[in-house]
Amino acid sequence: MPNPTLAQLAADLAGGATSARKLVEECLARIADPAGEGQRAFLHVDREAAVAAADAMDRLRKANAAPSPFAGIPVSIKDLFDIRGQVTRAGSRALEDSAPAEADAPVVARLRQAGFIVIGRTNMTEFAYSGIGINPHFGTPKSVWNRKEGHVPGGSSSGAAVSIADRMAFGALGTDTGGSCRIPAAYNGITGFKPTQRRVPLDGGVPLSFSLDSFGPLANSTACCAVLDAVLAAEPILPLRARPIKGMRLAVPATVVLDDLDDAVAKTFERALETLSRQGALIERIEVPEFHDVGVMNAKGGFSAAESYAWHRYLIASKGDMYDPRVRVRILRGEALSAADYVDLVIARRSLIARTNARLAPYDALVMPTTANTPPRIVDLADNKAFSAACKGASRSLVTAGLKPGPPRRIATEWI
């Protein structure tokens with residue numbers, strides 16, 4: 001059976017077919033199942049607090065005082081975010097002795113205010129610095145794809161995606177700098193969303209790149225992500241309006257995006273395009289030469305290396321031996337970037353945004369594979385060369401991560 005959507009759960013709660021307590025207990029049981037991925041997907045489980053919150057939401061619903069139709073639905077929180085009274089480790093041993101957070105991050109507080117129940121903190125790539133999802137400190141949860149063989153979950157919001165796919169939560173709070181919501185969503189058959197950065201506050205989260213970070217949801221459907229996105233942005237929760245596919249102009253970038261696709265990805269993508277075309281969409285394959293600029297901009301590490309090094313430089317000096325070496329070496333690339341290099345990046349990005357937005361303006365949306373490959377096997381990535389190739393295959397979303405979108409939910413605010 002497909003996983004239930006937030007709308008289905010809200011209807012069941014309203015009609016008495018389930019309760020918040022029952023939903024929470026079912027999620028806790030799945031997390032605790034020794035045959036499942038809960039022990040790797042979660043770094044901390046708020047069992048007592050979640051049960052208490054569920055009981056409170058059930059009482060409020062009986063009194064017709066529930067804060068929203070979604071009150072009582074369990075959600076997971078990526079380990080990157082502050083939760084009052086808990087240590088924010090960002091998937092790293094280097095932060096384990098940090099003081100507990102004094103307050104919830106604004107996005108966590110907004111989920112609580114809507115009545116969502118925080119069930120626990122999810123695993124992630126250390127400091128969010130990889131789209132693969134491997135964590136040598138706390139283990140790597142397996143993707144739902146060919147699970148018996150043990151494939152990577154995608155990152156950096158690895159545990160967030162697995163928590164949704166395995167019904168250990170029904171919504172997840174993740175982050176996306178260059179694909180960290182979208183890649184694990186694709187690798188686990190769910191939906192991930194990178195919102196327009198200015199719409200959701202970035203306070204209370206460990207940064208990767210101040211310029212490119214976004215906080216966004218993962219869930220079981222586009223409509224679910226729309227609900228969570230509205231809550232995170234403190235906007236009204238409105239139903240999605242259907243828009244006819246017929247007549248839509250959809251751009252398929254032929255530059256960079258379609259290079260070196262796995263056969264399985266290429267065939268599935270072409271089937272998707274054929275389906276859209278049969279429904280009346282106008283598919284146009286276009287060149288976007290500006291996408292070549294992204295590789296040039298990232299040659300020395302780009303914004304992520306420069307800005308993460310600025311945040312990490314003192315911590316890495318004192319506790320660098322506690323970092324995953326693959327993460328540490330990426331961060332340290334920022335040490336070699338000069339102020340002039342950074343200014344060049346800012347200027348180049350501004351130019352890239354202007355030229356790309358002008359080229360894409362005639363189209364309703366971009367259509368592109370989220371990743372170039374299916375999830376690699378975890379055991380195959382012990383080799384650094386294989387690891388680098390896997391990172392490259394997972395990075396198709398990087399070409400749009402740096403674009404400045406127009407109105408919310410248009411180009412570069414991508415549903416996957």
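Every listed requirement among (1) within 30 Å of residue 384 (Cβ to Cβ); (2) open to solvent by 40 Å² or more (accessible area, probe 1.4 Å); (3) out of contact with any strand residue (DSSP E or B) (no Cβ under 8 Å at 6 or more places or on another chain) is met by residue 95 save one, (2). Of the helices (runs of 4 or more DSSP H) entirely within region 280-346, those holding at least 3 residues that are farther than 14 Å from residue 126 by Cα occupy 291-297, 302-319. Scan region 143-154 for residues that are open to solvent by less than 10 Å² (accessible area, probe 1.4 Å) and free of Cβ contacts under 8 Å to residues at least 60 places away in the same chain and jot them down. Within region 143-154, no residue meets the criteria.
Among the residues here, residue 211 qualifies as of a type outside the set (Val, Ile, Thr) and more than 13 Å from the chain's Cα centre (by Cα).
In the set 110, 84, 167, only one residue is of a type outside the set (Ser, Thr, Tyr), within 30 Å of residue 58 (Cβ to Cβ), open to solvent by 20 Å² or more (accessible area, probe 1.4 Å) and part of a helix (DSSP H, G or I); that residue is 110.
Considering region 239-265, the residues that are of a type in the set (A, V, I, L, M, F, W, C) and free of Cβ contacts under 8 Å to residues at least 40 places away in the same chain include one that is surrounded by the most Cβ atoms within 10 Å (Cβ to Cβ), namely 245. Considering every residue within region 351-373, establish whether at least one is closer than 20 Å to residue 129 by Cβ, open to solvent by 60 Å² or more (accessible area, probe 1.4 Å) and hydrophobic (A, V, I, L, M, F, W, C). No, region 351-373 contains no residue that is closer than 20 Å to residue 129 by Cβ, open to solvent by 60 Å² or more (accessible area, probe 1.4 Å) and hydrophobic (A, V, I, L, M, F, W, C). Is there a residue in region 16-26 that is within 26 Å of the chain's Cα centre (by Cα), open to solvent by 30 Å² or more (accessible area, probe 1.4 Å), charged (D, E, K, R) and modelled with pLDDT of 95 or more? Yes, region 16-26 contains a residue that is within 26 Å of the chain's Cα centre (by Cα), open to solvent by 30 Å² or more (accessible area, probe 1.4 Å), charged (D, E, K, R) and modelled with pLDDT of 95 or more. Does region 43-64 contain at least one residue that is in contact (Cβ under 8 Å) with a residue 12 or more places away in the chain, open to solvent by less than 10 Å² (accessible area, probe 1.4 Å) and assigned to a loop (DSSP other than H, G, I, E, B)? The answer is no; no qualifying residue exists.
Inspect region 235-257 for any residue being in a helix (DSSP H, G or I) and touching a Ser or Thr at 6+ places or on another chain (Cβ under 8 Å) and give the result as yes or no. The answer is no, given that none of the residues of region 235-257 is in a helix (DSSP H, G or I) and touching a Ser or Thr at 6+ places or on another chain (Cβ under 8 Å). Note on region 170-209: residues that are farther than 24 Å from residue 74 by Cβ, in contact with a strand residue (DSSP E or B) (Cβ under 9 Å, 6 or more places away or on another chain) and among the charged types (D, E, K, R) total 1. Show the residue pairs meeting these rules: Cβ distance below 7 Å; 6+ apart or different chains; first residue within region 270-294 and in contact (Cβ under 8 Å) with a residue 60 or more places away in the chain and under 14 Å from residue 355 (Cβ atoms); second residue open to solvent by 20 Å² or more (accessible area, probe 1.4 Å) and among the hydrophobic types (A, V, I, L, M, F, W, C). These pairs meet every condition: 286/254; 291/256; 294/398. Taking residues in region 71-89 that are of a type in the set (Lys, Arg), and partners anywhere that are assigned to a loop (DSSP other than H, G, I, E, B), the pairs with Cβ atoms closer than 7 Å and at least 6 places apart or on different chains are 78/124; 78/157; 84/101; 84/102; 84/103; 84/104; 89/79; 89/96.
Of the candidates 249, 199, 167, the single residue that is under 24 Å from residue 46 (Cα atoms), at pLDDT 95 or above and not polar (S, T, N, Q) is 167.
Residues checked against (1) touching a Gly at 6+ places or on another chain (Cβ under 9 Å); (2) surrounded by fewer than 21 Cβ atoms within 10 Å (Cβ to Cβ); (3) in contact (Cβ under 8 Å) with a residue 24 or more places away in the chain:
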{"position": "175", "(1), (2), (3)": "yes, no, yes"}
{"position": "187", "(1), (2), (3)": "yes, no, yes"}
{"position": "193", "(1), (2), (3)": "yes, no, yes"}
{"position": "199", "(1), (2), (3)": "no, yes, yes"}
{"position": "205", "(1), (2), (3)": "no, no, yes"}
{"position": "222", "(1), (2), (3)": "no, yes, yes"}
{"position": "237", "(1), (2), (3)": "no, yes, yes"}
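Here is the figure for region 326-366: residues that are of a type in the set (Lys, Arg) and free of Cβ contacts under 8 Å to residues at least 60 places away in the same chain total 3.
The set of residues in region 319-339 that are open to solvent by 60 Å² or more (accessible area, probe 1.4 Å) and of a type outside the set (D, E, K, R) comprises 322, 325, 329, 332, 336, 339.
The values are calculated or read from the model by the stated rules, or taken from the named source; none is laboratory data. Predicted, not measured: the structure shown is a model, and the values here were computed from it. Virtual Cβ from ideal backbone geometry, glycine too; neighbours counted across all protein chains shown. What goes into the accessible areas is simple: the full protein's heavy atoms, side chains included, and nothing from ligands, DNA or RNA. Shrake-Rupley method; radii C 1.70, N 1.55, O 1.52, S 1.80 Å.
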